[in-house]
Amino acid sequence: MSLINQVFQSFSQKKKQKEWPLVKMNQQRAAFLQEVIQESVQNMLTEDESTAGLREKISQTLYREKIRLNKKLWKVDTKAKILFWQQMEKMFHQSQQKKNYEEMLQKIMYHYVYEIAGNFRPSYYRVAEKIVEYGFARLLNASQLGGLRYLFSKKYQLKDKIQIIGATEDLKKLAKIGTIVMVPTHFSHLDSALIGWVIKTLGLPPFIYGAGLNLFNIKIFAYFMNSLGVYKIDRRKKNLLYLTALKAYANLTLQKQCHSLFYPGGTRSRSGMLEKTLKLGLLSTTITAQRNNYQKYGKNAPKIFIVPVVFNYHFVLEAPMLIQQHLLLEGVGKKFQEQDFYSKSYKILRFLGKFFTKDSEMCISIGHAMDLLGNAVDAKGNSYTSEGKYVDTYEYFMSGEKNDTVKKKEDQYTQTMSQAIIRAYYKINCVFTSHLVAFVAFRLIKKQHASLDFKHLFGLSSKEHTLDYDIFYRQVQKIYQKIMLLYQSKAIQVSPIMLHQNMDYIICHGLKHVGMYHSKRPLIKDSQGNITTQSLSTLYYYHNRLMGYGLEKYVS
């Protein structure tokens, strides 16, 4: 590329970036945040204008914050934040009149909103893009070609390692005429870096998204996330005032037409299963934002589109820890020392090195966009029922006058949308060979010990987990056939290897890749050629990816 072309391309890119909704919003950041604060305050006062009601809400907030600050603090819990809550406590006990409580409410909302808010900088965004793409690609080439001397090779591209499948062309068209809300599954902290790479690869404008405040303890994340428009979610805070501020922030960013990303499961899947229930708080802000847009701009207001996304991995770094947390909640597991695999920047780099050193792949499945009622939409943004009937979403949102009727209706819309997202997850879930072999192996082990409950099953020694290879082979073949029937009916997706390789190769590939870097392998062949596990709980985690399809009844 000539120097003139490079200059022209750079100029065009910068001009294009000025039109990004996130850039426009951030140019008026102070005014926007003040709008969020006032919206939060007004929502609280509208709910209950009485002095006693306001006093009770503030009292509950102070009580919950006091409990939180008496527990183990994070690095982001600065002395200034601790001092703020001490001052609020003192002010509360000196206050008796409603105007004093309203002043406190204003101060608390200011504190929460500025803690939540991101600060988007295009220059930082470009740097982050380059780091993700360039850094991952360098690691990929070094690992695939045999050492650090190949670090700067360009033989392999990230697209060779990470596949993007699904309705990508419609997504790119819809992003130009409306507001996209991606709703991915959540298995690993790596998800956020990957979805950022997907957004860039598809040529989409930047998305605003929420990230756990604990990630800002990590310097390598905090440095960029503070300037990428990422807003912070502190899941320790369950009080009404904080949740009101968080929802107001998400709602108003959508009204500013900023493309957004929510993890509707709320946190990483502890069990390894696809989400069966979703958190409705942030999802409901899409409904409110769409209604407000229709009220402001009428029938031609920009529509908000929901796009489900599923991450597909052969292995998840945190799997052993996550499944232990799940089993503990189920009353099966034992207490353990929780490890934070992402507590240090060097640990993240070590993990990335491990991932790219292994002959493994990832797949990101992009689902078909839907409107906020769960209806399918075409590339022009028109909504249709499953029977192909056109749907006028404006009429759905603007019919009804009373506030209680509107609230009840929008709650129902959120529930309907939630169920549609879950159904989409199961349709776009992509089966890897590792999922198949893990599912069959765990079901056979469970069947071998049918008389045992889960608590005693996980207490067995590894010697009691051995499976005859021929039996295992036949059962894998049977479940594979059932999966292919699901695939043919468009109820699930499968990896290319599942489509184009024979059963011997599929099993060998699955055994090699399932949880391949864990110190205790979830599935291996023993010296006699039979199948066993070094960690039944980790095997259970990977098995869970295929739960929800009714396949377990076919393992005999």
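Rule-based calculations on the coordinates, nothing more; no lab input. Nothing here was measured: the structure is a model prediction, and the numbers come from that model. For neighbour counting, all protein chains shown are included, and Cβ atoms are generated from backbone atoms with ideal geometry for every residue, glycine included.
What to note about this one:
- Cβ-Cβ FRET estimate between residue 98 and residue 72, R0 fixed at 35 Å, reported to 0.05: 0.45
- By average C-beta atoms within 10 angstrom, highest first, the peptides 81-87, 545-551: 545-551, 81-87
- Using a Förster distance of 22 Å, the FRET efficiency for residue 382-residue 423 (Cβ separation, nearest 0.05): 0.60
- Residue 399-residue 48 pseudo-label distance in nm [points 7 Å out on the Cα-to-Cβ vector]: 3.4
- In order along the range 427-444, the phi-based Karplus estimate (6.51 cos²θ - 1.76 cosθ + 1.60, θ = phi - 60°) of 3J(HN,Hα) comes to 6, 9, 4, 9, 7, 9, 4, 5, 5, 4, 5, 5, 4, 5, 4, 5, 5, 5 Hz; Gly and Pro are listed as x.
- Mean sequence separation of contacting Cα pairs (under 8 Å, at least six apart), scaled by the length of the range 430-554, corresponds to a relative contact order of 43 percent.
- Per-peptide average of other Cβ atoms within 10 Å, ordering 470-478, 112-120 highest first: 112-120, 470-478
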